[in-house]
Amino acid sequence: MLRATVRRSDGRDTTGLFVLDSGAGYVALDASFAREIGIKNSDAKIPNGSGMDGAAPAAIGISDRPLPRLEIGGLQFDQVSPVLTIDGSIIRQVTDRPVFGLLGAHPLTAYALVIDYRRDELGLIPVNDSTDDGSNSATSQPVDRVASESHIRSGDGSLAHRQSRVEASRSALGDALHGGARAVPFRLRGDDKILVAARVANPNIASMSDTLTLIVDTGATKTALFGPSLAEIAPQFDGWPSLRGLTAPTLVGSAEARIARLPKIEILTDSAGVSTRDMDAAIIESPLASALSADVGEPVHGLLGYSFLRRFRVVIDYPHQVLWLESIPHTVDERPNEYTHVGLQLERRGTALSIVGVAAGSPAALAGIERADELVAIDATPATMLDVIGASRRLEGPAGSRVVLRVRRGDAVRTVRLQRRRLL
């Protein structure tokens, strides 16, 4: 999340939080906030190429007028259009923060984004595309896909053209690139979505799957793979260790999900791929898959999210269409007990902390806790004093440690004593 300032229709400024979301094409504002600042007064049709047409609930629309101004750091964007309007409660339920909306890719495509998760820093660098010959525009079609026994390289234009993009990007970014950064040429499709090719390992890592197409999505907390298409490309994915019974919130509705432990995932390049092992990913069943595939004009198999990206210093060079990944040595796991807990997934619903997922076979499931129950207290601390993130962290802890919960179902409140254990 980052802070940005928006100019209202009456000329006043308001500053608040946005989610940086490279998987979203446009700026998207909470519908009630868009009405408050004077750019929305009706339910307008969703624009083609938004990635939501044909699959979105009525809560997703488009503003009646451009956003007069958007300021991020020292950068200023005037008359931002189109602006999507969304049900921002979906974001607030997960983050428990007063988020105005999503900062999508469209205003940023003249820049390189430098994302350093360790330092909580985002840099925006203006970049001119000195290699543009018209073949790498967002509306062009793939010219080739060169295959070898070990890799499938993907990208617009010839191999030589992609290599020239990489060299031009390296020259343009200069000191913004650190030693060891690996180049991944990407394709822009639909409303400026970043497409990369990837493969995943079978459970024994003896073989790799066929090629998957993933959208690089800084707004996704997990790398997410779409179950139906994954079954065709990596049929042995059911052998991955998994945590079932969870949900995944999306702008097209909540989806059934499970968290799986991937033995290995590799992002394909024109040389050696960029890979990481033992990564958690969400396997979801959602109409989002067909909506994204329709938007980009080809099958999309998932989202490359934070559970992968956090292992790297990330530079997204939009003008040259190159993703730079600099591996972070000795990455500190900020949540060492993320999967050693009681098995509850929480979201904010009004003033209550609602239970939206109960991991199958977890201590919470065995104690009879169900979805839609309300978490009232954790170890005598009222849930009203905790946000979603803080409450979720309190449910984690060393294996064998205990936690006391008070849970409400209807008018009945009961006390449950649970022992944490490793679930994944």
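The values are calculated or read from the model by the stated rules, or taken from the named source; none is laboratory data. Owing to the predicted nature of the structure, the values given are computational and were not obtained by experimental measurement. Every residue, glycine as well, gets a Cβ built from its backbone with ideal geometry; the counts of neighbours run over all protein chains shown. Ligands, DNA and RNA are stripped out before the accessible areas are found, and what is left, the full protein with its side chains, is counted by its heavy atoms. Shrake-Rupley method; radii C 1.70, N 1.55, O 1.52, S 1.80 Å.
Of all residues in segment 63-93, exactly one satisfies the criterion of being surrounded by 20 or more Cβ atoms within 10 Å (Cβ to Cβ) and either at positive phi or part of a helix (DSSP H, G or I) (or both), namely Ile91. May I ask you to say which residue of Ile215, Ile233, Ile194 is touching a residue at least 12 places away in the same chain (Cβ under 8 Å) and over 18 Å from the mean Cα position of the chain (by Cα)? Step by step, each of Ile215, Ile233, Ile194 is checked, and only Ile233 is touching a residue at least 12 places away in the same chain (Cβ under 8 Å) and over 18 Å from the mean Cα position of the chain (by Cα). In a strand (DSSP E or B), within 15 Å of Ala281 (Cα to Cα) and either basic (Lys, Arg) or modelled with pLDDT of 90 or more (or both) - does that describe any residue in segment 182-199? Yes, segment 182-199 contains a residue that is in a strand (DSSP E or B), within 15 Å of Ala281 (Cα to Cα) and either basic (Lys, Arg) or modelled with pLDDT of 90 or more (or both). Here is the figure for segment 196-209: residues that are open to solvent by 30 Å² or more (accessible area, probe 1.4 Å), in contact with a strand residue (DSSP E or B) (Cβ under 6 Å, 6 or more places away or on another chain) and aliphatic (A, V, I, L, M) total 2. Taking segment 158-179 as the range and being among the small types (Gly, Ala, Ser) and either open to solvent by less than 60 Å² (accessible area, probe 1.4 Å) or touching a His at 6+ places or on another chain (Cβ under 9 Å) (or both) as the test, the residues that pass are Ser158, Ser164, Ala168, Ser169, Ala172, Gly174, Ala176. Among the residues of segment 364-380 satisfying the criterion of being among the acidic types (Asp, Glu) and in a loop (DSSP other than H, G, I, E, B), which is least open to solvent (accessible area, probe 1.4 Å)? Only one residue tops the list, namely Asp373. Residues of segment 94-122 that are open to solvent by 40 Å² or more (accessible area, probe 1.4 Å) and of a type in the set (S, T, N, Q): Thr109 alone. On the stretch given as segment 381-410, residues that are touching a residue at least 12 places away in the same chain (Cβ under 8 Å), closer than 21 Å to Gly350 by Cα and open to solvent by 70 Å² or more (accessible area, probe 1.4 Å) total 6. Assessment of segment 41-60 against the conditions (at pLDDT below 95, over 21 Å from the mean Cα position of the chain (by Cα) and surrounded by 15 or more Cβ atoms within 10 Å (Cβ to Cβ)) yields at least one matching residue. Hey, can you tell me all the residues within segment 281-309 that are surrounded by 18 or more Cβ atoms within 10 Å (Cβ to Cβ) and not in a helix (DSSP H, G or I)? If the condition is that a residue be surrounded by 18 or more Cβ atoms within 10 Å (Cβ to Cβ) and not in a helix (DSSP H, G or I), then Ala281, Ala282, Ile283, Ile284, Ser286, Val300, His301, Gly302, Leu303, Leu304, Gly305 are the ones that fit. Taking Lys193, is it closer than 18 Å to Trp324 by Cα and crowded, with 20+ Cβ neighbours inside 10 Å? It is true that Lys193 is closer than 18 Å to Trp324 by Cα and crowded, with 20+ Cβ neighbours inside 10 Å.
Yes/no per residue for (1) closer than 19 Å to Arg92 by Cα; (2) charged (D, E, K, R):
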residue	(1), (2)
Gly361	no, no
Glu370	no, yes
Ile378	no, no
Thr381	no, no
Leu386	yes, no
Pro398	no, no
